[in-house]
Amino acid sequence: MDWQERYKNKKMTFHEAVKLIPKGKHIFIGSGAAEPSGLVEELCRSYQRFGDNQIVHLMTLGPAPYVEPKYENRFRHNAFFIGANVREAVHEGRADYTPVFLSQIPDLIRARRFPVDVALIMTTPPDDFGFVNLGVSVDVVLSAVESAKIVIAEINPNMPHTYGSGFIPMDRIDGWVFNESDLPTHKREPLDDVAMQIGKNVAALVADGSTIQVGIGAIPDAVLASLTEKKDLGVWTEMLTDGVVDLIENGNVTGKFKTIEPRKVTASFTFGEKRLYDFVNRNPAFSFHPSDYVNSPINVSLQHKMVAVNCALQIDLTGQVCSDSIGTKFYSGIGGQVDFIRGASMCRGGKPIIALRSTARQGLVSKIVPTLDEGAGVVTSRGDVHYVVTEYGVADLRGKSVRERAMSLISIAHPDFRRELLRSAKTRRYVFSDQFEPTPAYAVRYEKTCRVRTGEELLMRAIRETDEAKMSDLFYNLSPDTVYKRWGTNVPFMHHNNLINYLRDDDVKNVAILVETNPQDSEPEIVAVARYHLCEATGFAEVGFVVRDDWQRKGLGTELIRHLTDIAKQNGIHGFTADVLATNQAMLRVFHKADLEIQSKLDGNVYSLKMPFKGN
């Protein structure tokens with residue numbers, strides 16, 4: 001306790017410290033778990049000596065008594081991010097909300113766009129060199145300390161000591177109060193089946209070696225819980241949560257490929273359970289920096305394969321994201337969503353992701369809507385959105401037209417709302433008038449990877465209504481000879497009204513499987529398609545397939561027909577039938593290699609094949 005003697009000239013009681021604050025001045029309060037709760041309590045106890053003092057801060061975990069009605073003429077709160085402790089006051093007009101990007105707050109404080117006259121902060125005790133540490137919240141606190149005329153510190157020996165930028169010399173502090181208290185904690189939400197499915201869908205987009213950013217809540221926790229098979233992940237995130245510690249201990253996070261601060265976990269603040277605070281305390285694997293550094297879209301874009309996962313309250317069929325309000329009622333804030341979404345979109349191999357449940361209010365309303373609610377704010381623009389994920393799959397909106405976006409988003413909406421969403425999309429002329437309703441829950445149906453003779457790994461999956469553009473590309477990349485062999489005639493065009501019939505898939509009677517490339521940094525391409533159509537009278541299904549010319553003679557047709565055979569058997573089909581031109585020796589070989597019992601009949605230049613499955 002030698003430091004208390006060394007700096008006794010600035011030691012104060014809570015009452016003495018609060019007396020340093022003049023009337024009418026702007027008061028900043030430390031963020032998250034670093035709220036100086038003792039100073040806040042004294043501020044309200046001494047409220048009669050204040051008047052017209054504005055209080056600003058990010059979300060805090062502790063109480064916010066200054067927004068109570070009885071203090072209305074003494075304090076006015078301005079929220080950079082609306083937490084549960086001030087939400088009612090904002091709704092009732094007793095507190096303000098300033099929508100702002102988290103990356104810009106420090107500069108706005110320094111420029112006195114957000115004036116800070118007094119900074120109330122929580123710190124560690126000073127070290128041997130006379131520096132206190134901001135611990136779990138560097139974020140915008142450091143800029144407030146740098147800009148304030150008066151800095152009052154609540155020194156708490158339970159505050160974790162974190163490495164990075166959060167060191168402040170005791171000379172900068174005008175008064176300090178010693179208060180040993182437990183930091184407020186935030187327990188993780190239970191992970192239900194919907195959250196876990198969303199987490200798995202997001203995890204499927206994350207490649208080994210990626211750098212990740214996630215927030216707080218059930219969905220971010222589910223995402224982190226679904227990354228336990230990934231290798232060499234890095235972390236560059238505004239907020240550090242308990243789930244990251246799980247991944248570190250599991251060996252998934254190494255930071256090996258991070259471009260800035262490799263092998264370190266970079267954040268600007270953290271709150272969670274006590275285990276998390278203990279883990280970051282004096283741990284050189286962590287580095288905490290201000291929001292204008294961590295949230296800078298430029299710095300985000302420089303990371304290796306940056307994956308930014310953020311949540312939303314609502315998204316419309318064009319891709320506009322609302323995440324700070326419910327209609328006209330402000331609910332949270334912009335925070336760092338746009339900073340990271342935009343940064344990830346500029347990153348080579350980056351993936352900006354919006355993840356949300358398909359419904360709200362116990363399934364009564366859809367979160368994917370034709371238009372945002374009246375008054376709902378667009379936080380992330382339709383131009384910034386690349387991936388949207390629900391429990392029903394992934395919609396890839398990058399570079400897509402409004403028609404393609406609408407169909408993709410409808411396909412991952414809850415099945416109960418897809419018909420109405422499609423009707424609304426048709427009314428607005430977003431989609432074709434003959435567009436049919438997307439198949440429910442397509443995301444992982446019939447998925448299987450295969451490897452061809454030349455070594456490439458490809459994905460086989462069920463066709464989707466959103467594959468129309470890719471199917472068109474496939475057709476126009478086929479040679480006239482391949483087209484003739486597949487359709488038995490010369491087909492010059494494949495217009496929408498023809499192509500749409502090939503997108504129908506009803507799970508059992510009419511199944512279509514496509515083969516898709518798996519590139520790292522570009523759009524996947526469809527290189528082959530196989531389908532069957534059931535004749536209910538016979539129990540047999542007519543089968544046909546086509547492989548793009550440059551992918552022929554690689555064993556792809558054999559892989560495809562075997563997979564389709566397994567699916568047909570599972571669905572109770574007795575066998576396949578097919579009409580094959582006698583000149584189409586490649587297709588005939590594929591059927592023979594598929595280990596089918598083939599009964600053939602030649603009629604002119606066409607073989608009629610009947611191929612019962614073994615055992616039928």
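The values are calculated or read from the model by the stated rules, or taken from the named source; none is laboratory data. The model shown is predicted, which means the values in this text are computed figures rather than measured ones. As a convention, Cβ positions derive from the backbone with ideal geometry for all residues, glycine included, and neighbour counts pool all protein chains shown.
Summary of values
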| item | result |
| --- | --- |
| Residue within segment 269-276 that is more than 27 Å from residue 140 (Cα to Cα) and free of Cβ contacts under 8 Å to residues at least 60 places away in the same chain present | no |
| Filtered residues of segment 569-605 (kept if among the hydrophobic types (A, V, I, L, M, F, W, C) and part of a strand (DSSP E or B)) | 576, 578, 580, 581, 602 |
| Condition check for residue 461: at pLDDT 90 or above and either over 30 Å from residue 347 (Cα atoms) or not in a helix (DSSP H, G or I) (or both) | yes |
| Residues located in segment 154-198, provided they are farther than 30 Å from residue 356 by Cα, β-branched (Val, Ile, Thr) and touching an Asp or Glu at 6+ places or on another chain (Cβ under 6 Å) | 177 |
| Members of segment 1-59 that are surrounded by 14 or more Cβ atoms within 10 Å (Cβ to Cβ), of a type in the set (D, E, K, R) and not in a strand (DSSP E or B) | 10, 19, 25, 35, 41, 42 |
| Which listed residue is closer than 28 Å to residue 329 by Cα, touching a residue at least 12 places away in the same chain (Cβ under 8 Å) and crowded, with 23+ Cβ neighbours inside 10 Å, from 121, 105 | 105 |
| Long-range neighbours under 9 Å by Cβ, at least six apart or interchain, first residue more than 19 Å from residue 531 (Cβ to Cβ) and assigned by TED's automatic domain parsing to the domain that holds residue 545 within segment 588-616, second basic (Lys, Arg) and assigned to a loop (DSSP other than H, G, I, E, B) | 595/614; 597/614 |
| Restricting segment 333-378 to residues that are assigned to a loop (DSSP other than H, G, I, E, B), free of Cβ contacts under 8 Å to residues at least 60 places away in the same chain and among the hydrophobic types (A, V, I, L, M, F, W, C), the residue that is nearest to residue 323 (Cα to Cα) | 378 |
| Unique residue being of a type in the set (Gly, Ala, Ser) and buried (at least 23 other Cβ atoms within 10 Å of the Cβ) when the list is 217, 209, 166 | 166 |
| Test for residue 500: is it assigned to a strand (DSSP E or B) and either in the same structural domain as residue 204 (by TED's automatic domain parsing) or crowded, with 16+ Cβ neighbours inside 10 Å (or both) | no |
| In segment 202-219, residue farthest from the chain's Cα centre (by Cα) [restricted to those that are part of a helix (DSSP H, G or I) and closer than 19 Å to residue 345 by Cα] | 203 |
| Residues satisfying the stated conditions in segment 552-586, i.e. among the hydrophobic types (A, V, I, L, M, F, W, C) and either over 16 Å from residue 482 (Cα atoms) or at pLDDT 95 or above (or both) | 560, 561, 564, 567, 568, 573, 576, 578 |
| Any hit, segment 338-348, residues being farther than 16 Å from residue 295 by Cβ and surrounded by fewer than 23 Cβ atoms within 10 Å (Cβ to Cβ) | yes |
| Near pairs, Cβ below 9 angstrom, 6+ apart or cross-chain, from segment 181-199 (closer than 20 Å to residue 31 by Cβ) to any residue that is aromatic (Phe, Trp, Tyr) and buried (at least 16 other Cβ atoms within 10 Å of the Cβ) | 183/271; 183/277; 184/271; 185/271; 185/277; 186/271 |
| Subset of segment 7-44 (residues that are more than 17 Å from residue 150 (Cα to Cα) and free of Cβ contacts under 8 Å to residues at least 24 places away in the same chain) | 8 |
| Residues within segment 550-565 that are out of contact with any helix residue (DSSP H, G or I) (no Cβ under 6 Å at 6 or more places or on another chain) and either acidic (Asp, Glu) or crowded, with 21+ Cβ neighbours inside 10 Å (or both), tallied | 6 |
| Candidate set: segment 263-296, residues that are assigned to a helix (DSSP H, G or I) and either under 23 Å from the mean Cα position of the chain (by Cα) or of a type in the set (Val, Ile, Thr) (or both); chosen: the one surrounded by the fewest Cβ atoms within 10 Å (Cβ to Cβ) | 293 |
| Condition met for residue 234 (touching a Gly at 6+ places or on another chain (Cβ under 9 Å) and more than 18 Å from residue 188 (Cβ to Cβ)) | yes |
| Scope segment 62-76; condition closer than 18 Å to residue 137 by Cβ and surrounded by 19 or more Cβ atoms within 10 Å (Cβ to Cβ); matching residues | 62, 64 |
| Number of positions in segment 129-156 that are buried (at least 24 other Cβ atoms within 10 Å of the Cβ), among the hydrophobic types (A, V, I, L, M, F, W, C) and part of a loop (DSSP other than H, G, I, E, B) | 4 |
| Residue under evaluation residue 395, criteria (1) in a loop (DSSP other than H, G, I, E, B); (2) at pLDDT below 95; (3) within 18 Å of the chain's Cα centre (by Cα), criterion not met | (1) |
| One residue from 343, 335, 363 being under 30 Å from residue 518 (Cβ atoms) and either over 14 Å from the mean Cα position of the chain (by Cα) or assigned by TED's automatic domain parsing to the domain that holds residue 311 (or both) | 343 |
| Residue match in segment 409-423 (condition: of a type in the set (Asp, Glu), out of contact with any Pro (no Cβ under 6 Å at 6 or more places or on another chain) and closer than 30 Å to residue 346 by Cβ) | no |
